[in-house]
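> Take a look at the following structure, please.
The values are calculated or read from the model by the stated rules, or taken from the named source; none is laboratory data. As the structure is a computational prediction, the values presented were derived from the model and not from experiment. Here Cβ is always computed from backbone atoms with ideal geometry, including for glycine, and neighbour counts include all displayed protein chains. Heavy atoms of the whole protein, side chains included, go into the accessibility calculation; ligands, DNA and RNA do not. Shrake-Rupley method; radii C 1.70, N 1.55, O 1.52, S 1.80 Å.
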Amino acid sequence: MKDIGLEKYIPIETFTELPRSNNNTARKLYVETYGCQMNFADTEIVNGIMGKNGYDVSENIDDSAIILLNTCSIRENAEYRIYQRLNELKKLKKQNPKLIVGIIGCMAERLKRGLMTKKSVVDLVLGPDEYRKLPSLIDNLVDNGEKGIAVRLSRVETYDDIIPIRKEGVSAWLSVMRGCDKFCTYCVVPYTRGRERSREMEGVAKEVKKLWDEGFRDVTLLGQNVNSYSSGSNDFADLLKACSLAAPEMRIRFTTSHPHDLSLKLIETIAEYDNLCNYIHLPVQSGSNRILDLMKREYTIEHYLSIMNDIKRIIPDVSLSTDIITGFCTETEEDHKMTLDLMKEVKYDGAYMFKYSPREKTKAWDMGDDVDEETKTRRLVDIVELQRDISEEKNKETLGKIYDVVIEGVSKKSDKMLFGRTDGNKTVIVPMNGSLTGQKVKVKINRANSATLFGEVIHSNQL
Ligand code: SAH
Ligand code: SF4
Ligand code: F3S
């Protein structure tokens, strides 16, 4: 995908934790994170577990005794990147044979002992439900030289009691449920993350309040299937309401929702509470009912569109985004055209778009992979270009309007600019203007492209 300049559409992929350094290299841990936001939140949990056991989180790979890769298996490419990274780590291990290298996360769960071949540089393999075992497996490795593996999936583990070590900042992740029971035919997640389970509502609401007190201003509630959250008699709408009331000024977002579980009650709750952001990411995957059926998505396009219409009617000024897969088994030009038509009808503000990547053990693996690479790529380019035009058109609608923007920090492209986000999750760039990080300011938009809005901070006397 990189070849055609699609980086913007690829979810955040790599990340290095921030330091809490001391000089004791032997207790230094460096975690590199790949994949979805759930993995980023899990890395904070791993850091919390390790911190409690006397380890320090480092940002410097060279002075760390333990390197963990928190991995993703969603597409072949994601795993390929990890093998490349392991090759690079081989060199580090040659220089320092005592270096401990671990694979954690979804790839650990999928490939298990297969990651520990004789020649492999890997010392530890831990699946997403086994992070509590990290300290003891490391002790055993150091004391007895035994490699460690723990890949059991749990029906109850939610790490409810673990205090994550977060990077200081304005926005935070917060996992509220784990696992997925949907078994879409193309997807590895139900196998790598196991069955759905949710944290208790009061605990989550308390954590949102705590995050506010610590200075966070924007929190994203996470789950692979976040709107099938269920704790006692409480559903996801109840959870959102409880979080909204616990920290009424905190901006609250969530991802990822499944169309099958998106209730009217949830849409109405978002409309009712001001701090629940007017932004919904609702993956559609394809515009063709035949393909949706093969994917086992459990909805039709007609049903999906009726939800979208309810959302647009009940939440004014809502922003919408989606995920789309091109080139799923048997996808024809006609199916592809239906996807383009759907995109034109919904007019998403943004989309994450992928070429279908067959995954072993999934149902679709046995259906074959009959759309050739060239066709997949061409269809991907079609939808990316269409989405770019739609995003630009939607972003231009903001010109001259004033938005509440929470400033998150200095822009990555220029240290003379700040960046922040609107309630609808659009990135806004404004000129540096004192220390505004963490503040909610009014911004008038004066320029926009398909990815970003540019504006100026308006002071109250100008309103
Ligand atoms: N739980 C979320 C999505 C999690 S994975 C949901 O159902 O909406 C994120 C996205 O990766 C999916 O929405 C899908 O578009 C894409 N994806 C998953 N498996 C894939 C595969 N085998 N090949 C290509 N893309 C895939
Ligand atoms: Fe995968 Fe489907 Fe579950 Fe999403 S809902 S994680 S696409 S199986
Ligand atoms: Fe990847 Fe696992 Fe997330 S497969 S997308 S890291 S749940």
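> Rounded to the nearest Å, what's the spacing between the alpha carbon centres of segment 25-65 and segment 245-297? Just the number, please.
31 Å
> Further question on the same structure: For q = 0.23, 0.25 Å⁻¹, what log10 I(q)/I(0) does segment 237-287 give under the Debye formula with an equal point scatterer on each alpha carbon and no solvent?
Rounded to two decimals, the profile gives -0.85, -0.97.
> Considering only protein heavy atoms and a probe of 1.4 Å, how much of the accessible area of the chain is carbon and sulfur, as a whole percent? Before the final figure, lay out the partial values.
Details: 10150 of 20730 Å².
Solvent-exposed carbon and sulfur of the chain make up 49 percent of the total.
> Where a Cα-Cα gap under 13 Å defines reach, which aspartates and glutamates qualify for Lys28, not counting those fewer than 8 residues away within the same chain?
The reachable aspartates and glutamates, counting only those whose Cα sits under 13 Å from Lys28, are Glu17, Asp56, Glu59, Asp62, Asp63.
> With a Förster radius of 45 Å, plug the Cβ-Cβ distance of Lys209 and Arg81 into 1/(1 + (r/R0)^6) and report the FRET value to the nearest 0.05. Mind showing how you got there, number by number?
Values: r = 38 Å, r/R0 = 0.83.
After rounding, the FRET efficiency stands at 0.75.
> Turning to a different aspect of this structure: Can you give the accessible area per residue of the chain, in Å², using a 1.4 Å probe? Please list the in-between numbers first.
Working: 20730 Å² over 463 residues.
Ligands and nucleic acids excluded, the result is 45 Å² per residue.
> Ordered by packing density, taken as the mean number of other Cβ atoms within 10 Å over each peptide's residues, highest first, how do 85-95, 60-70 rank?
Details: 85-95: 13.1, 60-70: 19.6.
Final packing ranking: 60-70, 85-95.
> If you don't mind, another one. Kindly state, as a whole number, the per residue volume in cubic angstrom of the convex hull around the alpha carbon atoms of segment 402-461. Intermediate results must be reported in sequence, preceding the final value.
Values: hull volume 4.8 nm³, N = 60.
That works out to 79 Å³ per residue.
> Here's another thing I want to ask about it. What does the charge count near Val406 come to, summing +1 for each Lys or Arg and -1 for each Asp or Glu among other residues with Cβ under 14 Å from its Cβ? Kindly include the intermediate steps, with their values, before the conclusion.
Numbers: positive: Arg217, Arg251, Arg253, Arg421, Lys426, Lys440, Lys442; negative: Asp218, Glu249, Asp274, Asp404, Glu408, Asp423.
Within the 14 Å Cβ shell, the charges total +1.
> Sticking with this structure for a sec: Using alpha carbons only, what's the Rg to Rh ratio of segment 329-376 with Rh from Kirkwood? Present the calculation step by step, with values, prior to reporting the outcome.
Working: Rg = 12.9 Å, Rh = 12.5 Å.
Dividing the radius of gyration by the Kirkwood radius yields 1.03.
> Quick one: which of 359-372, 38-51, 211-224 comes out on top by average Cβ neighbours within 10 Å, and what's the full order, highest first?
The packing order, highest mean first, is 38-51, 211-224, 359-372.
> Ok, one more. Quote the Stokes-Einstein diffusion coefficient, in whole µm² s⁻¹, for the chain, based on the Kirkwood radius over alpha carbon pairs, a temperature of 37 °C and a viscosity of 0.692 mPa s. Walk me through the numbers on the way to the answer.
Numbers: Rh = 23.3 Å.
For these conditions, the coefficient is 141 µm²/s.
> Taking Cα atoms of segment 25-150, Rg/Rh with Kirkwood Rh, to two decimals?
Details: Rg = 13.2 Å, Rh = 14.3 Å.
For segment 25-150, the value is 0.92.
> Gly148: net charge of surrounding residues, Cβ under 12 Å, Lys/Arg +1, Asp/Glu -1, itself excluded? Don't jump to the answer; show the numbers that get you there.
Details: positive: Arg113, Lys133, Lys147; negative: Asp123, Glu130, Asp139, Asp143, Glu146.
Net local charge, Gly148 excluded: -2.
> Would you mind pulling out the separation of the Cα centroids of segment 150-182 and segment 301-339, in Å?
Using only Cα atoms to place each centre, the spacing works out to 29 Å.
> Just grab the label-to-label distance for Glu392 and Lys337, each label 7 Å out from Cα along the Cβ direction, in nm (one decimal).
Using points 7 Å along Cα→Cβ, the separation is 2.5 nm.
> Counting only Cα, what are the radius of gyration and maximum Cα-Cα distance Dmax of segment 333-419, in Å?
Cα radius of gyration and Dmax of segment 333-419 are 18.5, 53 Å respectively.
> Just need the relative contact order of the chain here, percent rounded to a whole number, with Cα pairs under 8 Å and 6+ apart.
Over the chain, the number comes to 10 percent.
> What is segment 42-200's relative contact order, in percent, from Cα pairs under 8 angstrom and six or more apart in sequence? Show your work: numbers first, answer last.
Working: 237 pairs, mean separation 37.3, N = 159.
Answer for segment 42-200 is 23 percent.
> To the nearest 500 deg cm²/dmol, what mean residue ellipticity at 222 nm is calculated for the chain from DSSP H runs of n ≥ 4 alone, each contributing -39,500 (n - 2.57), summed and divided by the residues? Spell out each step's value before the answer.
On the way: 12 runs with 150 residues, N = 463.
For the chain, the value works out to -10000 deg cm²/dmol.
> Cross-link list Lys347/Lys401; Lys206/Lys412; Lys412/Lys444; Lys209/Lys241; Lys90/Lys112; Lys413/Lys442: which exceed 24 angstrom alpha carbon to alpha carbon? Could the numbers behind the result be given before it?
On the way: Lys347/Lys401 20 Å; Lys206/Lys412 32 Å; Lys412/Lys444 21 Å; Lys209/Lys241 13 Å; Lys90/Lys112 20 Å; Lys413/Lys442 22 Å.
With Cα atoms farther than 24 Å apart: Lys206/Lys412.
> List the lysines whose Cα lies under 18 Å from the Cα of Lys376, skipping any in the same chain that are fewer than 8 positions away.
Lys2, Lys337, Lys355
> Continuing with the same structure: Report the gain in length on full extension from Leu245 to Asp181: 0.36 nm times residue separation, minus Cα-Cα distance, nm rounded to one decimal. Please list the in-between numbers first.
Numbers: separation 64, 0.36 × 64 = 23.04 nm, distance 2.96 nm.
Stretched out fully, the Leu245 to Asp181 stretch lengthens by 20.1 nm.
> Measuring from label point to label point, each 7 Å out along Cα→Cβ, what is the Arg378 to Lys147 span in nm?
Reported label-point gap for Arg378 and Lys147 is 4.5 nm.
> Starting from the 7 Å offset along Cα-to-Cβ, what nm value, one decimal, do you get for the label separation of Glu200 and Arg113?
Once both label points are built, they end up 3.9 nm from each other.
> Still on this structure, please answer the following. For the chain, with only Lys/Arg (+1) and Asp/Glu (-1) charged at the beta-carbon, what is the dipole magnitude about the Cα centre, in debye rounded to 20?
Here the size comes out at about 1100 debye.
> Amide H to amide H, which residues 5 or more places from Asn225 or on other chains are under 5 Å from it, using H placed in the peptide plane?
For Asn225, whose amide H was placed from the backbone, the distant partners under 5 Å are Thr256.
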